[in-house]
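Just below is one structure, and these are the notes that go with it.
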Amino acid sequence: MGTVLNLVNPPNTTSCLLSPSNKFPWTKPFLSGVFIARPITPVQRCHVVRRSRVSASLLGNLGRLKRNLQDVTSMNYWVVRDYYRLVESVNSIERQIQSLSDEQLKAKTLEFRERLARGESLADLQAEAFAVVREAAKRTIGMRHFDVQIIGGGVLHDGSIAEMKTGEGKTLVSTLAAYLNALTGEGVHVVTVNDYLAQRDAEWMGRVHRFLGLSVGLIQELGFDYLRDNLTSNSEQLVMRWPKPFHFAIVDEVDSVLIDEGRNPLLISGEANENAARYPVAAKVAELLVKDIHYKVELKENSVELTEEGISLAEMALETGDLWDENDPWARFVMNALKAKEFYKRDVQYIVRNGKALIINELTGRVEEKRRWSEGVHQAVEAKEGLEIQADSIVVAQITYQSLFKLYPKLSGMTGTAKTEEKEFLKMFQIPVIEVPTNLSNIRIDLPIQAFATARGKWEYVRREVEDMFGQGRPVLVGTTSVENSEYLSALLKEWGIPHNVLNARPKYAAREADFIAQAGRKYAITISTNMAGRGTDIILGGNPKMLAREIIEDSILSYLTSEVLADDIDDNELSQKVLSKIKVGPSSLALLARASLMAKYVGKSESKSWSRKKAKSVVTESLEKSQTMDPMELQNLVNEQSEMYPLGPAIALAYLSVLKDCEAHCLYEGSEVKRLGGLHVIGTSLHESRRIDNQLRGRAGRQGDPGSTRFMVSLQDEMFQKFNFDTEWAVRLISKITNDEDLPIEGDTIVKQLLALQINAEKYFFGIRKSLVEFDEVLEVQRKHVYDLRQLLLTGDNESCSQHIYQYMQAVVDEIVVGNSDPHKHPRNWNLAKLLKEFMAISGNLLDERTMLQSLENLHETSSIDMDNFHLPNLPKPPNAFRGIRRKNASLRRWLDICSDDLTGSGRYRTSINLLRKFLGDYLIASYLSAVQESGFDDGYVKEIERAVLLKTLDCFWRDHLVNMNKLSSAVNVRSFAHRNPLEEYKIDGCRFFISMLSATRRLTIESILQYWSSPMESQELFVS
């Protein structure tokens, strides 16, 4: 396996570091594709490199030939080939579009909209619109879409997922499809994974759209905006485009949003404090219980189960006879305390900051301050850590990401890693994944996975590889799975004197995330990162000149504008700055920096340095934006014209432009040095539960045709092996037979196949979980749509629609009462008239007794004809004369026709009597209500306001209770599988029954409340008008 060494050490590397620790794993064949790695000296390594060049070249050519054959025979190849017709169309009119002036280019937007209005389709405009966007991007942000980016735009417009490798310009690609679909005027949402990227893209790519006459806004909580819009009681508080808030979405990092975050529902919660005192008690009980004696742990399911001994001990400690006693329930609290003890580890799943337990996103490594675990888990973690217990949450509104994005009639996405999950995207969202070719060939080298028997051996080899790369000067990115692991490796590197940066969820590191990523591609830069922290920011070989120039500007300016010092407790020895080459700033840049600093000093003095650091940084940011939108001559004129007013902004902008040129020259030179050395080397310290996540880390190296390499090192003690009960004994025995040193790795085809099989099994397992969640949520999705559609109709509809809903509710309540207490096959004397009258009078007040009602129904059955205009039951009082006028008479007649045509009553001899009773009682209730409203003397506007308020409040009240019941049901139905019943079918049946009951209760409470209000409006006013 000399090829490995040839790839890591470039052919022109002539020097070797000869320290005792400088050893590198060399591999040789052993036991049918398994390799045992042994350390060799640097001198031996150099000989092996020379011997292996020919074989490496031959193997490389064979590998490329194999990949080319696979490409040609794949469906993706032919799909992409078809998109080249679009590219040819765009290229053919590029010169024509280039000849247009700025005003003519902007006028194209209006022209496109007029053509759409005349009947042309978006497909007719696509090529020309893409050419317009390409030219606008070139003029505004200095970036021209490559041909492969045009393909990506076509894929997005067609409602597919564009898989584009890291560094291929996905953000720029989105402008093509976004502009084209925004021409309809229905709005386009470009969704990103965090607020930073959303703001960056709105400012950066927004310049292209604004230039072309489109408006650009920033929505930071799309899902929560949707939920809040469906909680508001005033149409003026709506923030989305109702009645059609969703049109077309382009989801950046679509795999992260729809798959990784798909398991986490978006919740809006209320508070309930009655159980806060139970959590600390349960935490103490959990400390008493011993794993495998008092409870069993299932890592794969993230579940715990109490044994008989555990139940007895817990009941004795809590002085209760039954943990599951409904009057004194302790089971939920004890189980959550055990979960917090076993599954929720500090510095892995959460960190403690300022007395709060904050969740760490396991996929991005970032802290998510606004998120909390539900169902009491977060409170259990707070109790374990001895923190103040926050209130229990009661779900007020919820939706999953899958359900949210299914609301879009047209959905597309971008990512660098989606092909491995294509089946899931097709099954769940009916969206295909198209691999877009790279602009330049990918020459990254993925080295074989190394497996270690022990974690100790793995970390030692990671340290050696980092040291080896550092000796060569190559930048290294090490991906870890937790804060704990990143800090363990950091301590290990400190012991050996290897300078490095750490990027994880701790505030002192997270605050400098952008700075660390900007420098991660520089010569000698070593960066330890938790998973994909920094995702969305490219690692540029030689450094990111814009970020470095900004850093120089801020270092020169901020101290004059604010006295607030950045709380930075990072140890200087921990940083790699001391080994990074110093950026040489030219004389002209130094002069402009000095002038900007002098102006900042005067401005700061005049403001008494009272600005916060945040405000000072915002001033710098605004100045840098000016440098991108204004000509340098304009900036210089501003400086000259406002010389007496200290024109700080233009001065900073001019200094930035000059410093940026120096940084670009430095980064270009250093980048060529790094490429010559082999590019960025990425080390993965653990396999993830999905190949896609590993590929995201690999994708950091080899961007845009750059050289680079990756290596994954795994330990058989890693959590994934334990979670999925992977048999690691065979590997340990194999190593023991060969050598006494358990810290040596094994590698080769056999181990790769075993690990790949494990990952595929893990992917299938988690796909099953997500599929089950989607299927369960689909039940709630239908119900949610019904409730939210009704809510929006009430909010945005006219006044008359609220009244119609009140009348419909009244008739529906009457129908339930009558149908529930009558039988079309039996004589009225055999109906439950007593209960019928009791229920009706509970809503409407006194009417008549049972005997009179029975006599009226008997007389009615013998009647040959009925006048429906003046219908009432014999011997019963006539309804108040409220149905005057054509509109109300027509409404009454329509209700009668609806009663006759529905099948609520069923067939039978007395069907007509039941329907006439439904009509009479419905008329009586509605007429009594109209009469009460008329007698109140209030104007029509106030009446409608009260009706809308009552309808919304009762609907919201019962919907909240329904959500709680459905969440409880989803947990409860799993137990029914022991009785060989399908949990999903049980959930559908019971969920439907719950929903029907909720709607019935909503209607009844609405009618009771509205009638109560008009019986004593002054007493009820506070209740219903907010």
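The values are calculated or read from the model by the stated rules, or taken from the named source; none is laboratory data. This structure is a prediction, so every number in the text was calculated from the model and none was measured. Ideal geometry is used to build each Cβ from the backbone, glycine not excepted, and the neighbour counts take in all protein chains shown. Surface accessibility is based on the protein's heavy atoms, side chains included, excluding ligands, DNA and RNA. Shrake-Rupley method; radii C 1.70, N 1.55, O 1.52, S 1.80 Å.
Tell me the helices (runs of 4 or more DSSP H) entirely within region 544-654 that contain at least 1 residues that are open to solvent by 90 Å² or more (accessible area, probe 1.4 Å) and at pLDDT below 85.
Where helices (runs of 4 or more DSSP H) fall fully within region 544-654 and carry at least 1 residues being open to solvent by 90 Å² or more (accessible area, probe 1.4 Å) and at pLDDT below 85, they are 587-606, 613-629, 632-641.
Please go through region 161-173 and pick out each residue that is out of contact with any Gly (no Cβ under 8 Å at 6 or more places or on another chain) and polar (S, T, N, Q).
If the condition is that a residue be out of contact with any Gly (no Cβ under 8 Å at 6 or more places or on another chain) and polar (S, T, N, Q), then THR171 is the only one that fits.
Based on this model, can you work out whether PHE343 counts as aromatic (Phe, Trp, Tyr) and farther than 18 Å from ALA276 by Cα?
Judged against the criteria, PHE343 is a match.
May I ask you to say which residue of GLU301, GLU385, GLU308, GLU369 is open to solvent by 10 Å² or more (accessible area, probe 1.4 Å) and closer than 20 Å to ILE769 by Cβ?
GLU301
For region 141-159, give me each residue that is in a loop (DSSP other than H, G, I, E, B) and open to solvent by 10 Å² or more (accessible area, probe 1.4 Å).
Listed by number, the residues that qualify are ILE141, GLY142, MET143, ARG144, PHE146, ASP158, GLY159.
Working carefully through the options SER913, SER928, SER892, SER907, find the one that is open to solvent by 30 Å² or more (accessible area, probe 1.4 Å), at pLDDT 70 or above and in a helix (DSSP H, G or I).
From the options SER913, SER928, SER892, SER907, the qualifying one is SER928.
Are any of the residues in region 799-821 modelled with pLDDT under 80 and either more than 28 Å from the chain's Cα centre (by Cα) or open to solvent by less than 30 Å² (accessible area, probe 1.4 Å) (or both)?
The answer is yes, given that some residue of region 799-821 is modelled with pLDDT under 80 and either more than 28 Å from the chain's Cα centre (by Cα) or open to solvent by less than 30 Å² (accessible area, probe 1.4 Å) (or both).
Give me a count of the residues in region 111-140 that are open to solvent by less than 20 Å² (accessible area, probe 1.4 Å) and among the aliphatic types (A, V, I, L, M).
Total satisfying the criteria: 7.
What strands (runs of 3 or more DSSP E) completely inside region 200-304 contain at least 2 residues that are touching a strand residue (DSSP E or B) at 6+ places or on another chain (Cβ under 8 Å) and farther than 30 Å from PHE724 by Cβ?
Qualifying strands (runs of 3 or more DSSP E): 248-252, 266-272.
Given the criteria closer than 30 Å to MET841 by Cα, modelled with pLDDT under 90 and open to solvent by 60 Å² or more (accessible area, probe 1.4 Å), does ASN761 qualify?
Spelling it out, it is not the case that ASN761 is closer than 30 Å to MET841 by Cα, modelled with pLDDT under 90 and open to solvent by 60 Å² or more (accessible area, probe 1.4 Å).
Here is a list: GLN792, GLN754. Which entry is under 34 Å from the mean Cα position of the chain (by Cα) and at pLDDT 85 or above?
GLN792 is the lone residue from the list that is under 34 Å from the mean Cα position of the chain (by Cα) and at pLDDT 85 or above.
Hey, among GLU689, GLU673, which residue is charged (D, E, K, R), open to solvent by 10 Å² or more (accessible area, probe 1.4 Å), in a loop (DSSP other than H, G, I, E, B) and closer than 30 Å to ILE443 by Cβ?
Among GLU689, GLU673, only GLU689 is charged (D, E, K, R), open to solvent by 10 Å² or more (accessible area, probe 1.4 Å), in a loop (DSSP other than H, G, I, E, B) and closer than 30 Å to ILE443 by Cβ.
Hey, LEU266 hits all of (1) within 30 Å of ALA383 (Cα to Cα); (2) open to solvent by 60 Å² or more (accessible area, probe 1.4 Å) but one; which does it fall short on?
Looking at each condition in turn, LEU266 falls short on (2).
May I ask you to say which residue of THR171, THR166 is outside any helix (DSSP H, G or I), within 21 Å of the chain's Cα centre (by Cα), at pLDDT below 95 and farther than 18 Å from LYS244 by Cβ?
Only one candidate qualifies: THR166.
Taking the options SER412, SER486, SER482, name whichever one is touching a strand residue (DSSP E or B) at 6+ places or on another chain (Cβ under 9 Å), in the same structural domain as PRO245 (by the TED database) and open to solvent by less than 20 Å² (accessible area, probe 1.4 Å).
Exactly one of SER412, SER486, SER482 is touching a strand residue (DSSP E or B) at 6+ places or on another chain (Cβ under 9 Å), in the same structural domain as PRO245 (by the TED database) and open to solvent by less than 20 Å² (accessible area, probe 1.4 Å), namely SER412.
Could you please let me know if VAL290 is open to solvent by less than 20 Å² (accessible area, probe 1.4 Å) and either closer than 26 Å to ASN230 by Cα or among the β-branched types (Val, Ile, Thr) (or both)?
no
Which condition breaks for MET853 when tested against (1) surrounded by 14 or more Cβ atoms within 10 Å (Cβ to Cβ); (2) at pLDDT 85 or above?
Of the numbered conditions (1) surrounded by 14 or more Cβ atoms within 10 Å (Cβ to Cβ); (2) at pLDDT 85 or above, the odd one out for MET853 is (2).
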